[in-house]
Amino acid sequence: MKDNTPEVLQALFEQNFGEKPTELQMLPASGSARKYLRLSSKNHRAIGTFGADVKENETFLQMAKFFASKQLRVPQVYGVSADRHCYLQEDFGNQSLLHLLQSKRRDSVDFPKEVEDRYANILQELLEWQLEGSKGLDFSICYPEAKFDRIGILKDLRYFKSYFLHVSEIPYSERAIEADFERLAAHCLSADDQYFVYRDFQSRNIMIVGEENAYIDFQGGRQGPLAYDVVSLLFQARAGLPKEAKERLLNHYVTAAHDRYGIDPESILDTFNSFVWVRVLQTLGAYGFRGIIQRKEHFLKSIPPALENLKSLLDTYPGSAKLECLPKLLNHLLESDWCQQFKPISRKASPLTVDIKSFSYKRALPSDPSGNGGGFIFDCRHLYNPGRYEEYKQLTGHDKSVQVFLETKSKLPQFLKDVYSTVDRAVEKYIDRGFENLQVSFGCTGGRHRSVYSAEQLKKHLLSKYPIKVEIQHIERELEAKGL
């Protein structure tokens, strides 16, 4: 993100609402390079977006206007920067369909009926996107491609080959796997492809706003067949819908397509399983690239359920195309030692306590009361220091303005990715061996900004991932409180 992006978005906010934003909050990174910032004032709030790809931004802006004219619930665009890199859009809140599903599942292992009813309603709205949304849409504005055709399908399948299968180092025949890819693509292309394909129609991109559903992240849409978006929703790995629920919802969708638009159900069902194969493999490729290669935590966490999705695919959804190589190869992949590393982490409580400390290098290094002689010590002093600026000097890593500074103007997010990767390996080994203590310390010059923020982020990361206890101590802050 450009260093001046928060300032540009704040200026856009004030220009459009007549109020300066009083709160800024960086939102979690998505699978793209876009960055999102929530801006709030007394009477208004918005999502500020930065995208380096101006063509992609223009596609979003034009599509948002077009779909709004079709009465589809998409974000209103409030303002756009002169260079077209930044824009403000409507804030639909934090409750996505995935969040709803996960919250309702806490007390039930089944697929809650109220959530299934919501899915059914969304599938009916999907038909509006696909059919009504395609009427009058100039597909030439779609980016990066106007149509989901043979090239697009093969690109998805090769994404899996390049960023998951190849990374696993499982041997395979290039010629044989490409022949199966061609068979899948040919069968998928036998479907009618005159509709709008949302492209990433999954529960993280569907927001719950009261009783309504709202839709985001549609700028990758293009012309194509109906089945792909249905597969994207029903076979999302993180959602983990039961097989019986998928079948009920699919039947609901094809019935609605027939009753409302006269579409023959068989025209959708004939290629449905082949699209399941394409989407499941494409998703694994995305998780391989974003997770294994780029080390984005959300995508690493998604690999275990995605592998379960793949296993279910092989067991339950034979490809409509006659595949010769892929089924055997994928079974071999699932049984490989390489895939075993992605087994879901046991949620059985561990005796491990991770003791996280922030400190100032102007004082002594932290002691280790466990008697183990210390642990990891990470030096944050090489990171851009907000303490050099007057407006941040009396603040700490707990303050939002400092957090925004560190997330947008320093290399701290990348630094923390490396920290997570290092500490995770130790934590998992300590859990396996039944160890009880691990200490991790972060130091910076004053012990107020970079180290405090890093310590808090690691605590949040570990508690979200492992069944352990985490204790945190900000040494310099405690000494300052005592006047020392």
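Filter the range 291-309 down to the residues that are within 14 Å of GLN414 (Cα to Cα) and surrounded by 19 or more Cβ atoms within 10 Å (Cβ to Cβ) and list them by number. It would help to see each step written out before you state the result.
Kept after step one, since they are within 14 Å of GLN414 (Cα to Cα), are these residues of the range 291-309: 291, 293-297.
Scanning the range 291-309 gives GLY291, LYS296, GLU297.
Being surrounded by fewer than 18 Cβ atoms within 10 Å (Cβ to Cβ) and either in contact with an Asp or Glu (Cβ under 7 Å, 6 or more places away or on another chain) or modelled with pLDDT of 90 or more (or both) is the filter here, so list the residues in the range 396-408 that pass it.
Within the range 396-408, HIS398, ASP399, LYS400 qualify.
Surrounded by fewer than 21 Cβ atoms within 10 Å (Cβ to Cβ) and either in a helix (DSSP H, G or I) or within 27 Å of the chain's Cα centre (by Cα) (or both): does that describe TYR119?
no
How many residues are among the aliphatic types (A, V, I, L, M) and buried (at least 18 other Cβ atoms within 10 Å of the Cβ) when one looks only at the range 471-484?
Selection size over the range 471-484: 1.
What single numbered condition from (1) over 22 Å from the mean Cα position of the chain (by Cα); (2) assigned to a strand (DSSP E or B) fails to hold for GLY48?
The one condition GLY48 does not meet is (1).
Which ones in the range 63-78 are out of contact with any strand residue (DSSP E or B) (no Cβ under 8 Å at 6 or more places or on another chain) and either assigned to a loop (DSSP other than H, G, I, E, B) or at pLDDT below 95 (or both)?
LYS70, GLN71
Restricting attention to the range 11-45, which residues are surrounded by fewer than 17 Cβ atoms within 10 Å (Cβ to Cβ), out of contact with any Leu (no Cβ under 7 Å at 6 or more places or on another chain), modelled with pLDDT of 90 or more and outside any loop (DSSP other than H, G, I, E, B)?
Hits for the range 11-45 are ALA11, GLU14, GLN15, SER40.
Which is touching a helix residue (DSSP H, G or I) at 6+ places or on another chain (Cβ under 9 Å) and over 24 Å from GLY285 (Cβ atoms), of GLU116, GLU132?
The unique qualifying residue is GLU116.
Has the range 307-324 got at least one residue that is touching a strand residue (DSSP E or B) at 6+ places or on another chain (Cβ under 9 Å), of a type in the set (S, T, N, Q) and either in contact (Cβ under 8 Å) with a residue 60 or more places away in the chain or not in a loop (DSSP other than H, G, I, E, B) (or both)?
Looking through the range 307-324, none of the residues is touching a strand residue (DSSP E or B) at 6+ places or on another chain (Cβ under 9 Å), of a type in the set (S, T, N, Q) and either in contact (Cβ under 8 Å) with a residue 60 or more places away in the chain or not in a loop (DSSP other than H, G, I, E, B) (or both).
Of the residues LEU101, LEU88, LEU126, LEU154, which single one is modelled with pLDDT of 95 or more and either in a loop (DSSP other than H, G, I, E, B) or more than 22 Å from SER274 (Cα to Cα) (or both)?
Being modelled with pLDDT of 95 or more and either in a loop (DSSP other than H, G, I, E, B) or more than 22 Å from SER274 (Cα to Cα) (or both) holds for just one of LEU101, LEU88, LEU126, LEU154, which is LEU88.
Taking the options VAL402, VAL440, VAL419, VAL452, name whichever one is of a type in the set (A, V, I, L, M), closer than 30 Å to LYS20 by Cβ and in contact with a strand residue (DSSP E or B) (Cβ under 8 Å, 6 or more places away or on another chain).
Answer to the check: VAL452.
Just checking: which of the helices (runs of 4 or more DSSP H) contained wholly in the range 370-447 hold 1 or more residues that are over 24 Å from LEU463 (Cβ atoms) and either of a type outside the set (Lys, Arg) or in the same structural domain as ILE293 (by TED's automatic domain parsing) (or both)? Spell out the reasoning first.
Numbers: elements: 390-393, 400-409, 412-433.
So the answer is 390-393, 400-409.
Say whether the condition of being buried (at least 16 other Cβ atoms within 10 Å of the Cβ), small (Gly, Ala, Ser), over 30 Å from PRO242 (Cβ atoms) and not assigned by TED's automatic domain parsing to the domain that holds ARG73 is met by at least one residue in the range 161-182.
Looking for residues that are buried (at least 16 other Cβ atoms within 10 Å of the Cβ), small (Gly, Ala, Ser), over 30 Å from PRO242 (Cβ atoms) and not assigned by TED's automatic domain parsing to the domain that holds ARG73, one finds none in the range 161-182, hence no.
The values are calculated or read from the model by the stated rules, or taken from the named source; none is laboratory data. Here the structure is a predicted model, which is why all the values come from computation and not from measurement. Glycine gets a Cβ as well: all are built from the backbone with ideal geometry, and neighbour counts include every protein chain shown.
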